[in-house]
Protein chains: 4
Amino acid sequence: MPRIRETDIPYHSELPTGPLNALTDIPGIAVGHATLIAGEGEWTGDGPYRTGVTVILPHTDNLYAEKVPAAVHAINGYGKAAGFEQIREIGTIETPIALTATLNVPRVADALITLAIEANPYIGLGFKDERRGYPTVNPVVGEISDGYLSDIQSRPIGLKEVRAAVENARGGPMEEGSIGGGTGASCFGWKGGIGTASRRLPQRAGGFTVGALVQTNYGRPEQLVIAGVPIGRHLRPPNYRPRREGGSVMIVLATDAPLESRQLERLCRRATFGLARSGSICHGVSGDFVIAFSTAYRVLDQPAELITTRPAFYLQPVMDLFSLAVIEAVEEAIYNSMLMATTTIGRDGHTRHALPVDEVVRLMQQYGRTGRD
Amino acid sequence: MPRIRETDIPYHSELPTGPLNALTDIPGIAVGHATLIAGEGEWTGDGPYRTGVTVILPHTDNLYAEKVPAAVHAINGYGKAAGFEQIREIGTIETPIALTATLNVPRVADALITLAIEANPYIGLGFKDERRGYPTVNPVVGEISDGYLSDIQSRPIGLKEVRAAVENARGGPMEEGSIGGGTGASCFGWKGGIGTASRRLPQRAGGFTVGALVQTNYGRPEQLVIAGVPIGRHLRPPNYRPRREGGSVMIVLATDAPLESRQLERLCRRATFGLARSGSICHGVSGDFVIAFSTAYRVLDQPAELITTRPAFYLQPVMDLFSLAVIEAVEEAIYNSMLMATTTIGRDGHTRHALPVDEVVRLMQQYGRTGRD
Amino acid sequence: MPRIRETDIPYHSELPTGPLNALTDIPGIAVGHATLIAGEGEWTGDGPYRTGVTVILPHTDNLYAEKVPAAVHAINGYGKAAGFEQIREIGTIETPIALTATLNVPRVADALITLAIEANPYIGLGFKDERRGYPTVNPVVGEISDGYLSDIQSRPIGLKEVRAAVENARGGPMEEGSIGGGTGASCFGWKGGIGTASRRLPQRAGGFTVGALVQTNYGRPEQLVIAGVPIGRHLRPPNYRPRREGGSVMIVLATDAPLESRQLERLCRRATFGLARSGSICHGVSGDFVIAFSTAYRVLDQPAELITTRPAFYLQPVMDLFSLAVIEAVEEAIYNSMLMATTTIGRDGHTRHALPVDEVVRLMQQYGRTGRD
Amino acid sequence: MPRIRETDIPYHSELPTGPLNALTDIPGIAVGHATLIAGEGEWTGDGPYRTGVTVILPHTDNLYAEKVPAAVHAINGYGKAAGFEQIREIGTIETPIALTATLNVPRVADALITLAIEANPYIGLGFKDERRGYPTVNPVVGEISDGYLSDIQSRPIGLKEVRAAVENARGGPMEEGSIGGGTGASCFGWKGGIGTASRRLPQRAGGFTVGALVQTNYGRPEQLVIAGVPIGRHLRPPNYRPRREGGSVMIVLATDAPLESRQLERLCRRATFGLARSGSICHGVSGDFVIAFSTAYRVLDQPAELITTRPAFYLQPVMDLFSLAVIEAVEEAIYNSMLMATTTIGRDGHTRHALPVDEVVRLMQQYGRTGRD
């Protein structure tokens, strides 16, 4: 279970990574997981489960009180993500971002509401001060369908799991692969999961960092492309049988550059190019969504003053570099999500195999990729 | 509790209504409510409750198997409506539309998933036939904040209530006012709730019907306008004190005209003009959303053939008439939602008074409205 | 030709106006017109003309070098406005905003390009410095169809007229009515044109100003509403015959509040409520667009530094007040556009009468509006 | 100047092409060009010119009278495309689609208006029949900046050139490369231009055809990817010096499948994945737009009846195949646009070299691409 840069797969990137090559290279961000692996064999109506939830905290202070600028984008809107309408209108995120299984979205959203109320007991009860605060909360949840491996109908992820994920969220090195919201994920017919990567902008673009975290659950084996090499044309999972099911990919972007919501929305749209590099054809039943936020400033729920000064960034002159950072980070995060995932046997004996690194390396060599480019 | 046309408030409309002057004038649509009124006095953390859920069924067959063309629009996206991303991508609705309280959205969405699985047990388990069906379901939920009257934090509306609302859904004359999702609603400082109205298009526009159902929970007393008369400048609720809280209005439109999703989306955007006629200023904390669907044809989950012929409608030559129908139906539905609502005492003694019809009539007369225009 | 506040029409507004009650209450904005009135009688294929162009300059420095934050919104996209794609992507305006006749949009856009090149000779030729500037320019043009009164096919407005409008643009009191881009406008079957109004926010909302300028060319006589009174039900233009033709309304909003593009876009969407107050039903063939900009800061084409600090504004806590300011300013600007317009006889003897103020006052009195509310 | 399938570059596609592998595989579509090559040496303010216009006619009948269903999408909105607002609202195209140089958009749009009036003399003059027709026309123009090679400031393309392009438009085999709107295009630092390709859907997806036509003018040499091979890492144009200038790519999609506007819009968004395959990073100054239309039915300007029946297509069950067709056609069209282009020396001695096929083949071999995959 190596990350792509730890394998012999030659992987070229134009921009350098951050120290961890992870979303958590951006100071203040914490990521946590709750993983539910339970039961074996036939579907019972209460398992077997190969599922979970991953949470991303833009910071570990009170997010409701100190929101972060944010944006969303639907690459393919065939999905059930929660909380997007308000982000489009207001441009902020005020809860952790949770990634889970499709049918579990409402229960996870409900759990985020409970946690927000615990931290902000006035939610729903209102204020005296007319100018301040809004006693309502907008949970943000993304999803992929893990129904091939897990009993998705039973929706087992609730408050307990979400609370655990939030409580164990931390910065620093991140776990990847078959964990949290990626536990039951399938990608290109192989095991998918959670992956991450980051890019450092050069000083002439401010020296900022862009990070990506993905939850990968899309594509068919024949479509898989790694670093331009059509791996999927040559390598198929054992006993693979094509099968219709809901796919999806969730992409979370973050930066410490002081971007406003509209600028973040531009980054979201560029993530599509990173997804495409992996061979995705944006298949029809896949909810492919992007969420981006900045940690550079906070939008207070109850500002003392209406007018403030904040850092602003001329993005347009260096938009190419930010585009490149987004695209490369998304692409590499996808590869990491697959390479770090482990073979998983789920409900009804359904199996998703880990992508065999040795086979990939061998194919890369056939394609002239014989060492770091 | 009369509807506006049953009062002495002169109300002019350019287009005629349907026989019931209700969303249910469109054949096949069923509307149901579950109302929760429980407890009195101080907020306990488990009540008092003045809340509920209203469901709109485009038809009473299996909605998942036979979806309807649909569209959505955010007038003001500061809200937590569920299911909009997929409607934007695919242009169909596949569950009942539920209207409830803000923080209750996830639990109601979760209940809709349960009901969809009960009717379609393969959801989440997948298909053998590659070309058919997608084992996932997209619940559609709208919301208003009833937190002034009800313990919104506790989220008491769940599967039991949603099931009851769906089971009692029917066509024919509709209940309005303080019922279902409108039980705890406040509108212009008065009691709001559920309202409906319809308009019949002339034969030269196909003779179709456009219906509106609204869940009204927005505005301050001073802004209320009825039929152009600034009622709110003269009439205030007893003991009214301005107070910051989450508002919202949900507008559901339906028609039997064979419109496609894009055309329905145009209707959605025209609803704004009906909302404006009531004096709304689209206040900042209000999630104002529109959902529209057509009953004229169905989009099968598992079509036997990919190519079909279906009725199509040249909307553009008669767009003015459809605009007018939408605007008038929305405006009148709003008035009905208030006039049919009853004075409600909720948590902590909070009270929303029913709009006093006699006072409104008296003010209308001062403004020269002395009989049907 | 009085403005509404100079007539005996009682007009109530909740917010105070700026000193001029005009877009030009916002310091730095300049407005200019070129009016073309030529020929009489039958359409010749070269006239008669009742047309022109109005330009709004966010400031009178080099707009290309110092852009302003901006946003656009389509209330009804049935129109030919130019320049909107780039505003949506980049959030800035870099030329004057020109308002003209539908078929004349390309020639006016072409003229704006010529003027931009004159002031910035490097446009199209490129830069050496990689990080700076983009040698292309995005002209912004809105339009209404003045084809009922003017020979719109011949497209007589070109560089000469646009240059004249820009050169005579100034701040201070503004001309309104049948001038510039409003010369040939029809509104509710009466003479329409250019109108303006402004609102001053209270100190608790920063004391900023919101201004509106409109170019009105929509609606049928029976729909006209003034201050809630259904004037159109009682008052028709002499010899009016319903007739199908392209309508449209262009709404330009400005503020000195330091709003970013996304916040300005929210203002744009609220303009719909002001338009609705005038009786508009958003008729099908009408291109109804909104453009908003802020004068509070500038976005440099060639910034010396990528990171800057700039004023930022917590709009959400006072969004209601900004909404109200936008809605009221748009509504009043519409009335001014009609009241300030003069009876115009155009091509083929087509006539648009000025709205008769005395008749309106008389009708207002019938509706109990007997003096300032 | 071979197309990619005529070279020794191994190019793999999953779906078969149409007989011509061109947009014109869809019956009824006609494509025409006007090319302006004039002058040499230094920029004079009137040349040298390496520019032109390409027009795509969805059919060769009266497009204004018989519109086609259509959609648009901005991959990167930093561009000046004309006519998009109305396509978004109404979902139809009613003029030829013209592709030209950035600053020339208004003059080309103006020429399209002239041609529409010639064919429909009532445009701008109006109708008697209330229910029919709208006397206004919406020209659709896309653009790329050819300012590196051509005197873009002088905007030499007008009515004469547009008329010539329309008159010489025809179906059948298409010219590609340095022609029409692609005459002065640069792509990845090499010569770009016009390219095309098509894909045939299998019978289980209806047997329809999807075609793409591109006008390519984006990217830097180091980013060029062909069929997954990072050509740009190894191959640079002679004397290449990085230089800031406006890029852009226009993508036109067409199909004979009976898709409605919303479904076409979904195809537009998938084009992004084809663009990404070529190595594009969606660079910041590039206006990257997609326009799609269907030839399967027509939307009459003056329909005899409002209700009709028309073919409809269940796209969703075979969306993957349409996605793949779009992506592959766009990718191959891009390669064709470069391979068919010829080395061009433009203003001030600026030179864009044709991509050297032999070098590309050699590099492909180094990357294990030794024959048709």
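Taking the Cα atoms of region D:25-98, the ratio Rg/Rh between the radius of gyration and the Kirkwood radius comes to 1.10.
Taking every residue in D:70-79 and counting other chain Cβ atoms within 10 Å of its Cβ, the average works out to 5. If you take the alpha carbon atoms of region A:303-373 and fit the smallest convex hull around them, that volume is 215 Å³ per residue.
Using Cα-only point scatterers and the Debye equation, what is log10 of I(q)/I(0) for region B:52-141 at each q in 0.12, 0.19 Å⁻¹, rounded to two decimals? Cα-only, vacuum Debye calculation for region B:52-141: -0.37, -0.91. By the Kirkwood approach, averaging reciprocal distances over each pair of separate Cα atoms, region B:135-214 gets a hydrodynamic radius of 15.3 Å. Note on the protein assembly as shown: Cα convex hull, mean projected area over all directions, 45.2 nm².
Projecting 7 Å from Cα along the Cα-to-Cβ direction, the label point of residue C:365 sits 2.2, 9.8, 10.0 nm from its equivalents in the other copies, listed shortest first. Against the longest alpha carbon principal axis of chain C, how many degrees, from 0 to 90 and to the nearest 10, is the axis of helix C:261-277 turned? Taking the Cα atoms of chain C, the angle to C:261-277 is about 0 degrees. The three principal axes of the C-alpha atoms in region D:169-213 carry coordinate ranges of 41, 26, 11 Å, sorted with the longest axis first. Entry note, chain C: relative contact order of 27 percent, from Cα contacts under 8 Å with a spacing of 6+ residues. Ordering D:156-163, C:22-29 by mean Cβ neighbour count within 10 Å, with the highest value first, yields C:22-29, D:156-163. Extent along the principal axes, Cα only, for region D:257-323: 48, 29, 14 Å, with the longest axis given first. Here the alpha carbons of region A:173-321 define both size measures, Rg and Dmax, at 18.3, 63 Å.
Considering helices alone, the calculated mean residue ellipticity of chain D at 222 nm is -6500 deg cm²/dmol, with DSSP H runs of length four and up weighted by -39500 (n - 2.57) and normalised per residue.
Annotation: for a label point projected 7 angstrom from Cα along Cα→Cβ of residue A:170, no residues of region A:177-203 have a backbone N closer than 16 Å.
Shown for residue A:236: label points 7 Å from Cα along the beta-carbon vector, and their distances to the equivalent points in the other copies, 4.4, 7.5, 7.6 nm in ascending order. In nm to one decimal, list the spacings between the residue B:308 label point and its equivalents in the other copies, with label points set 7 Å along Cα to Cβ, shortest first. In nanometres, ordered from closest: 2.0, 5.2, 5.6. Calculated over region B:205-256, the projected area of the Cα convex hull averaged across directions stands at 5.3 nm².
Put the Cα centre of region D:134-178 next to the Cα centre of region C:195-271 and the gap is 37 Å. For residue B:279, nonlocal amide neighbours, meaning residues 5 or more places apart or on other chains whose placed amide H falls under 5 Å from its own, are B:225. Counting only alpha carbon atoms, the long axis of helix A:357-366 and the longest principal axis of chain A meet at about 70°. So what is Rg over Rh here for chain A, counting just Cα atoms and using Kirkwood for Rh? A ratio of 0.97. Any chance you could tell me what percent of the C-alpha pair distances in region D:158-252 go past 17 Å? Counting every Cα pair in region D:158-252, those more than 17 Å apart make up 63 percent.
Both radii were evaluated on the Cα set of region B:1-49; the Rg over Rh quotient, with Rh as the Kirkwood radius, amounts to 1.21.
Panel values: region D:294-338, Kirkwood radius from alpha carbon pairs, Stokes-Einstein at 4 °C and 1.567 mPa s, translational diffusion coefficient 94 µm²/s.
The long axis of helix A:105-119 is offset from the longest Cα principal axis of chain A by roughly 40 degrees. Summing charges over all other residues whose Cβ lies under 10 Å from the Cβ of residue A:65, with Lys and Arg as +1 and Asp and Glu as -1, gives -2. Peptide B:304-312 is shielded by partner chain Cβ atoms: per residue, an average of 6 of them sit within 10 Å of its Cβ. Placing R0 at 56 angstrom, the Cβ-Cβ distance between residue A:310 and residue B:342 gives a FRET efficiency of 0.70 after rounding to 0.05.
Working note: Cα gyration tensor of region C:1-155, eigenvalues times five, square-rooted, sorted largest first, giving semi-axes of 30, 25, 14 Å. Pair-distance distribution P(r) for region D:237-373, from all Cα-Cα distances in 5 Å bins starting at 0: 2, 8, 13, 16, 16, 13, 11, 9, 6, 4, 2, 1, 0 percent.
Calculate the length of the line joining the C-alpha centroid of region D:282-306 to that of region A:4-47, in whole Å. Their Cα centres are 41 Å away from one another.
Throughout, read-outs are computed from the coordinates displayed, never taken from laboratory work. Nothing here was measured: the structure is a model prediction, and the numbers come from that model. Counting neighbours? That spans all protein chains shown, and the Cβs are built from the backbone with ideal geometry, glycine included.
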